[in-house]
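Everything below concerns the one structure shown next.
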Amino acid sequence: MTDHNTTLTAPQEAIEQTTQEGKGELTAYLVGYGFSIILTLLSFGTVIYLREMLSIGVLAGILALSAITQVIVQVVCFLHIKKGDNDGWNVASLLFTGIILLMVVGGSGWVMYYLHMNMMPELPL
């Protein structure tokens, strides 16, 4: 009879550990995917079905909260950025991404504003 409690060799332990990590990673992806779908449907449904019942401020608040939650889900579930995993590099990369995003969005808004202000008015016929 073979003993089922035998010790595993180093390669077997590595395979076992990789298999367990893969299952955890798949679970994180599926949970993230589910949350992403729910948050997207929440935002879409709010705009489509509740826009006439809610004020613009409440609607914007719901969409902003949903967007912030969506970003957190994406960072945790898909980018796997968690507390304790190279905290300094994670913060630096997220800060850099935020600065670039602010420059792109802010710069685009600035350009559109000045284009709007400097457009030639319509001439009467």
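The values are calculated or read from the model by the stated rules, or taken from the named source; none is laboratory data. Please read all numbers here as calculations on a predicted model, not as lab measurements. No Cβ is skipped: glycine too gets one built from the backbone with ideal geometry, and neighbour counts run over all protein chains shown. Accessible surface areas use protein heavy atoms only, side chains included; no ligands, DNA or RNA. Shrake-Rupley method; radii C 1.70, N 1.55, O 1.52, S 1.80 Å.
Could you pull out the residue among Asn118, Asn90 that is more than 18 Å from the chain's Cα centre (by Cα), of a type outside the set (Ser, Thr, Tyr) and outside the structural domain of Tyr29 (by the TED database)?
Details: Asn90 fails: more than 18 Å from the chain's Cα centre (by Cα).
Just a single option satisfies the conditions, and that option is Asn118.
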Among the residues of the range 59-86, which ones are open to solvent by less than 70 Å² (accessible area, probe 1.4 Å) and free of Cβ contacts under 8 Å to residues at least 24 places away in the same chain?
Leu59, Ala60, Gly61, Ile62, Leu63, Ala64, Val75, Ile81, Gly84
